[in-house]
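Input: a single structure, listed below in structure tokens.
The values are calculated or read from the model by the stated rules, or taken from the named source; none is laboratory data. What you see is a predicted model, and the numbers here were worked out from it, not measured in a lab. Counting neighbours? That spans all protein chains shown, and the Cβs are built from the backbone with ideal geometry, glycine included. Accessible surface areas use protein heavy atoms only, side chains included; no ligands, DNA or RNA. Shrake-Rupley method; radii C 1.70, N 1.55, O 1.52, S 1.80 Å.
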Amino acid sequence: MGTHPAAPSAVLPGGEPLGAWLARNPAALGPAVAARWAGDLPFLFKVLSVAKPLSIQAHPDKGLAELLHAMRPATYRDANHKPEMAIAVTDFRALFGFAGIQELKDVIRTVPEVGGLIGHEDADKLMTVKEYHGGNDVKSSLQSAFAKLMTASKEAVSEAVNKLKGRLNDESKIRTLTEKEELVLSLERQYPEDVGVLAALLFNYVKLSPGEAIYIGANEPHAYLSGECIECMATSDNVVRAGLTPKYRDVQTLCSMLTYKQIFPEILGGVPVQPYVRRYTPPTDEFEVDCCLLPPGEVVVMPPVPGPSIFLVMTGEGEVQADSMSDGEKAKEGDVFFVPAHTEVRLSASGHVSMQLYRAGVNSRALHACNAAAAGKRSQLQNICEMAS
């Protein structure tokens, strides 16, 4: 849901692309958003149902996105960055970021199939790194080891994956496998002989309960494994892939772009902003997401904001009424509404189950900053005019 040319939303009735409609109705964005993001909607809103693990990937920062788009526009179709946030709707599983140095050492020590592909020199460097060493030492060692693994020949990877599978299947008869080991076997069944099966051991295994979320910044490796989520991101389709995928792999770019931070992601729970509404605010200006769980017969009023919003009805039914509408609009599961800037929205739930909605909008913090800057400029202009008169 959004304006990206790869799959733009259509406005009903008539089916006009949302981007074209906004070009004719720029006031719907609000002046601050229209000015900062060149008359475009700065976010994409998605619902993902992950039946099969998605690729090991990362999204470039703005500078790298511009470079990749200029060099290979057919693969990297825009020049924007793509920070994103995933909010779990069901139990949700993902890989995110590199595991801590002690866990990586355990992998090298106990998984010879990975150590063999990394090689003795890089394995020894990682094994001798101390947690209190400077970040550059750890990053350099980890980057070199990861690149060795990801660029190993297909034959070597195939042999290592099959050895690991056989060993774990044998050991499962005499001991209980760890969650990571069970994950490896599951990935191998879906992506046989894929280097991503081995790489998964190097990442944090993240488990989200419904309502929990993670934010994924630029140049951070991740892979969604299973479950359903609401996802919001900057308006971009740039993905650099390197494993667990039949799609194009840009291994050299991925290995060179990653931050190699070893931090378990912060789990976001959302903050109540009014009864029935929780807000998820990431550290990026393009977006925020509200979750509204409205019991039958209840009403909530979403106050006007100086930027556009997209509302998605996830479950249940009810009515949506905007201050520009004389009558409410029936709302049911799967309905999507674009709400212009400065529009109050009244939501009411009917039926026998709660109505669950998600709202994507521009980050409130960024909107306040833009409006404060605009007010300052207006004040300065007024002072200059008064002086000139």
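Quick look at the numbers
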quantity	calculated
Given charges at beta-carbon only (K, R positive; D, E negative), |dipole| of the stretch 96-162 in Debye	140 debye
Residues with amide H under 5 Å from that of residue 50, placed H, sequence gap 5 or more	227, 228, 229
Computed magnitude of the charge dipole of the chain (debye, nearest 20; Cβ of K, R +1, Cβ of D, E -1)	540 debye
Surface accessible to a 1.4 Å probe, per residue, for the residues of the stretch 283-340, Å²	44 Å²
Mean separation of Cα contacts under 8 Å (6+ apart) over length of the stretch 3-146, as relative contact order %	11 percent
Residues of the stretch 93-109 with amide N under 18 Å of a point placed 7 Å along Cα→Cβ from residue 228	93-94
Distance between modelled label sites at residue 336 and residue 6, nm, 7 Å Cα→Cβ extension	1.5 nm
Span-like helix ranges in the chain, DSSP H, alpha carbon extent 20 angstrom or more, Kyte mean at least -0.5	135-150, 364-388
Stretch gain in nm, segment residue 121-residue 327, where the contour uses 0.36 nm per residue and the Cα spacing is subtracted	67.1 nm
The stretch 192-240 shape via C-alpha gyration tensor axes, a/c threshold 1.5	oblate
Value of Rg to Rh for the stretch 123-260 (Rh from inverse mean 1/r over Cα pairs, i.e. Kirkwood)	0.97
Selection from 176, 96, 136 lying farthest towards where the dipole of the stretch 42-193 points positive, charges on Cβ	96
Furthest towards positive pole of dipole, 119, 44, 70, structure part the chain, Cβ charges	119
Relative contact order [Cα under 8 Å, 6+ residues apart], the stretch 293-337, whole percent	36 percent
Directionally averaged projected area (convex hull, Cα atoms, the stretch 1-67), nm²	6.6 nm²
Sulfur and carbon atoms: percent of accessible area, the chain [1.4 Å]	55 percent
Over the stretch 203-309, volume per residue of the alpha carbon convex hull, in Å³	146 Å³
Percent of alpha-carbon pairs separated by more than 12 Å within the stretch 18-57	66 percent
Those aspartates and glutamates that a straight Cα-Cα span of less than 12 Å connects to residue 62, excepting residues fewer than 8 apart in one chain	78
Projected area, mean over directions - the stretch 13-113, Cα convex hull, nm²	11.7 nm²
HN-Hα J in Hz across the stretch 28-38 - Karplus 6.51, -1.76, 1.60, θ = phi - 60°, x for Gly and Pro	5, 7, x, x, 5, 5, 4, 6, 6, 10, 6
Principal axis dimensions, the chain - Cα atoms, whole angstrom, descending	74, 62, 40
Partner lysines for residue 173 [C-alpha distance under 21 Å; skip if fewer than 8 residues away on the same chain]	163, 165
Label-reachable residues, the stretch 267-310, where backbone N falls under 16 Å from a point 7 Å from residue 344's Cα toward its Cβ	299-306
Residue-by-residue Karplus 3J(HN,Hα) for the stretch 232-239, coefficients 6.51, -1.76, 1.60, Hz, glycine and proline x	10, 7, 5, 6, 7, 10, 7, 9
Semi-axis lengths, Å, the stretch 162-220, gyration tensor of Cα atoms, sqrt of 5 times eigenvalues	26, 15, 9
The chain: most fluctuating residue of 285, 122, 170 per GNM, C-alpha cutoff 10 Å	170
Nearby aspartates and glutamates by direct alpha-carbon distance to residue 180 (threshold 19 angstrom, same-chain neighbours under 8 apart not counted)	91, 103, 106, 113, 170, 171, 188, 193, 194
Rounded to the nearest 20 debye, dipole of the stretch 154-254 from Cβ charges on Lys, Arg, Asp, Glu	260 debye
Rg/Rh for the stretch 282-331, where both radii come from Cα atoms and Rh is the Kirkwood radius	0.97
Calculated from backbone phi, Karplus (6.51, -1.76, 1.60) coupling profile of the stretch 266-273 in Hz, x at Gly/Pro	6, 8, 8, x, x, 10, x, 10
The stretch 194-225-the stretch 270-291 distance, computed between alpha-carbon centres (Å)	22 Å
